[in-house]
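To start, the structure under review is shown below, and the notes come after it.
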There are 2 protein chains.
Amino acid sequence: MSTPGTRVPPPGAGSLRPEQFLDLIAPKLERVEAELRRQFTSPVRTIREVGDHILDGGGKRLRPALLLLVSDMLGYEGEFDITLAGVVEMIHTASLVHDDIIDDAEVRRGKTSINYRWGNYLTVLVGDYLYVRALDTALEARSLEILKTLSSATIRMTEGEILGYELNGRPDLTREDYFDVIERKTAAMFGAACRIPGLLVQHPSEERLEDYGRNLGICFQLIDDVLDYTSSTAVLGKPVLSDLREGKITLPLILARPRATEAERRLIDRVVTEKDFGATDPQELVAIANRYDAIEETRDIAREYASMAREALSPFPATASRQALEFALDFVMSRER
Amino acid sequence: MSTPGTRVPPPGAGSLRPEQFLDLIAPKLERVEAELRRQFTSPVRTIREVGDHILDGGGKRLRPALLLLVSDMLGYEGEFDITLAGVVEMIHTASLVHDDIIDDAEVRRGKTSINYRWGNYLTVLVGDYLYVRALDTALEARSLEILKTLSSATIRMTEGEILGYELNGRPDLTREDYFDVIERKTAAMFGAACRIPGLLVQHPSEERLEDYGRNLGICFQLIDDVLDYTSSTAVLGKPVLSDLREGKITLPLILARPRATEAERRLIDRVVTEKDFGATDPQELVAIANRYDAIEETRDIAREYASMAREALSPFPATASRQALEFALDFVMSRER
């Protein structure tokens with residue numbers, strides 16, 4: 001164990017505001033960008049070009065930020081937190097790259113995705129390269145436990161994506177199905193990101209760190225799913241109810257469906273099965289979710305996960321970075337896109 | 001270092017015949033099949049189904065066989081050679097799965113490939129799963145050096161595939177371009193397979209083992225490319241000159257092209273650029289390669305690599321497994337499919 005990070009200043013003496021939760025690690029986050037750039041270093045032209053395209057696109061960098069904040073909270077003084085923050089983001093990026101592969105029947109939003117510009121085959125190969133290059137880079141920390149944490153989370157993420165696809169077009173998903181998917185697809189990697197600094201300093205409470213990350217990840221996904229109902233196209237940059245349009249029923253309608261009338265249920269089922277609103281105004285589906293308080297209930301459930309995440313941090317010293325990790329929960333809960 | 005494997009019986013006293021080079025490790029190869037099956041164990045149905053589909057298809061299992069023979073030659077007595085033989089085959093399998101992703105413009109042979117049955121998106125995800133699961137399984141041997149060997153070879157393999165795709169449709173490939181691609185795409189993983197047992201027993205000549213594997217790999221690819229010219233559809237199971245048909249010029253025509261007449265060169269360039277024979281009989285291209293002795297020369301070059309591979313084995317004791325590794329070279333040189 002190492003020395004804990006900076007102590008929180010006394011109340012009123014200029015403590016952090018929630019939206020500043022990244023300020024503490026801003027210089028390190030810049031170094032993560034350099035790490036990401038390094039992972040695209042290759043004698044092969046296409047890898048470098050796709051790298052420029054991806055890095056110019058930016059990103060929230062939420063996973064690396066959490067890893068770095070936990071690292072700061074634990075007082076880790078080495079350099080591998082930056083390396084591994086880059087690794088975690090790169091694995092996430094690889095999954096986004098492969099997400100863009102178009103199935104024959106399916107067309108995505110019109111933006112210049114990687115596969116639109118480079119074609120499916122190169123997109124697959126560059127994603128493969130990123131997954132393996134990320135795990136290769138993780139070897140630098142010389143920790144089998146960290147490698148195991150990363151590979152397990154990546155396996156779960158992939159399983160979650162496959163499971164989600166298996167369940168696609170099925171309106172009768174249970175709450176358990178839904179949580180099984182998001183725990184694998186989203187929460188596992190957040191959990192890994194937060195556990196890794198615990199492994200770097202060999203902290204005895206590494207599991208609580210993973211709990212924090214997993215619960216935050218579930219919260220993040222729940223709010224994502226809520227935003228699909230509540231946000232407008234202009235704010236979110238994608239059409240409202242885009243999940244439903246792709247045959248994916250999420251928690252709000254999963255909760256509403258058993259409470260709905262026969263006619264409402266038929267409408268939900270038709271949209272999910274046909275992956276098309278047809279003559280139906282999408283706002284009708286939003287109205288159904290609201291009518292049975294399902295959006296608010298989803299938000300409440302997200303809030304419970306945020307509480308569990310907060311609780312998982314309780315054994316750690318009250319440093320500025322712990323406060324920032326708590327603010328990260330507020331940020332996830334209150335984000336509008 | 002451990003004790004070397006079984007000594008070769010004295011000449012005449014029933015030594016191995018070339019085609020029997022696998023007999024020595026047949027029981028271990030069976031256990032590799034069980035390893036492969038284990039890597040498809042998952043709570044996710046699609047992963048198990050694709051696993052059954054892949055494993056029922058069988059395969060040469062050349063990479064695991066070489067790993068196990070080297071392991072036997074070095075007298076390794078643990079179990080990780082079987083685990084890692086499975087890992088190497090699984091990485092190879094993952095690359096084959098992703099190879100099948102159809103680019104919009106491109107249609108593959110009509111057989112039930114994985115993406116034909118499961119669609120592009122699931123095929124991508126199952127391939128991802130296999131890559132990461134393979135590296136996760138490799139963690140069991142608890143050797144960072146082995147992990148580095150595997151990840152480096154996988155990165156090179158992916159780079160080679162991307163490079164090959166960048167060069168696709170270009171008739172002016174140089175011999176250097178060609179070797180750059182095959183060294184990455186094929187030779188690196190053969191090299192890794194043969195190096196790994198050296199790392200398991202911490203053998204001081206591990207680099208010679210990798211040399212053996214790399215040179216055998218190049219030899220394997222050269223003969224593969226020769227067979228595209230010399231074998232019939234019936235034997236090879238795919239149309240003759242299928243590489244050319246996909247816009248891929250290989251060593252025979254790379255060697256013949258500068259020696260060809262202007263008209264012959266124009267013909268080569270048209271087929272490679274258009275990825276279509278049009279009115280041309282494919283046999284005309286075979287005739288050009290033969291006219292300038294380019295097929296025989298490719299075979300000679302393959303033979304040189306086989307010699308280098310054989311030479312790399314010289315410091316190792318003359319066990320039955322070393323003899324089998326030499327026979328593997330004869331097998332690769334003389335195979336007809």
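Structural remarks
- The one condition in (1) among the polar types (S, T, N, Q); (2) facing chain A (nearest Cβ under 8 Å); (3) under 30 Å from B:ALA324 (Cβ atoms) that B:ASN120 fails to fulfil: (3)
- Every test in (1) surrounded by 19 or more Cβ atoms within 10 Å (Cβ to Cβ); (2) more than 10 Å from chain B (Cβ to nearest Cβ) is passed by A:TYR129 save one, and that test is (2).
- Only residues that are of a type outside the set (Phe, Trp, Tyr) and more than 13 Å from A:PRO252 (Cα to Cα) were counted across the stretch A:270-302, and they come to 14.
- Number of the exception - B:VAL181 against (1) in contact with a Ser or Thr (Cβ under 7 Å, 6 or more places away or on another chain); (2) modelled with pLDDT of 95 or more; (3) of a type in the set (Val, Ile, Thr): (1)
- The set of residues in the stretch B:45-90 being at pLDDT below 95 and surrounded by 23 or more Cβ atoms within 10 Å (Cβ to Cβ) consists of B:VAL50 alone.
- Checked against (1) modelled with pLDDT under 95; (2) under 23 Å from the mean Cα position of the chain (by Cα), A:ALA94 meets all criteria but (1).
- Condition check for A:ILE196 on (1) in contact (Cβ under 8 Å) with a residue 24 or more places away in the chain; (2) away from every other protein chain (no Cβ under 11 Å); (3) out of contact with any Leu (no Cβ under 6 Å at 6 or more places or on another chain): one failure, at (3).
- Of everything listed in (1) out of contact with any Leu (no Cβ under 7 Å at 6 or more places or on another chain); (2) modelled with pLDDT under 95; (3) not β-branched (Val, Ile, Thr), the single unmet condition for A:MET308 is (2).
- Of all residues in the stretch B:191-240, those being at pLDDT below 90 and on the phi > 0 side of the Ramachandran plot number 1.
- For the stretch A:65-87, the condition of being in contact (Cβ under 8 Å) with a residue 12 or more places away in the chain, within 13 Å of chain B (Cβ to nearest Cβ) and part of a helix (DSSP H, G or I) holds for at least one residue.
- Per the conditions (1) more than 21 Å from A:PHE21 (Cα to Cα); (2) among the aliphatic types (A, V, I, L, M); (3) surrounded by 18 or more Cβ atoms within 10 Å (Cβ to Cβ); (4) out of contact with any Ser or Thr (no Cβ under 9 Å at 6 or more places or on another chain), the sole criterion not satisfied by A:LEU251 is (4).
- Test: A:SER314 is of a type outside the set (Asp, Glu) and in a helix (DSSP H, G or I): no
- Residue satisfying condition, being within 14 Å of another protein chain (Cβ to nearest Cβ), among the β-branched types (Val, Ile, Thr) and out of contact with any Lys or Arg (no Cβ under 6 Å at 6 or more places or on another chain), within set A:THR230, A:THR250, A:THR149, A:THR154: A:THR154
The values are calculated or read from the model by the stated rules, or taken from the named source; none is laboratory data. Just so you know, these numbers come straight off a predicted model, no measurement behind them. Virtual Cβ from ideal backbone geometry, glycine too; neighbours counted across all protein chains shown.
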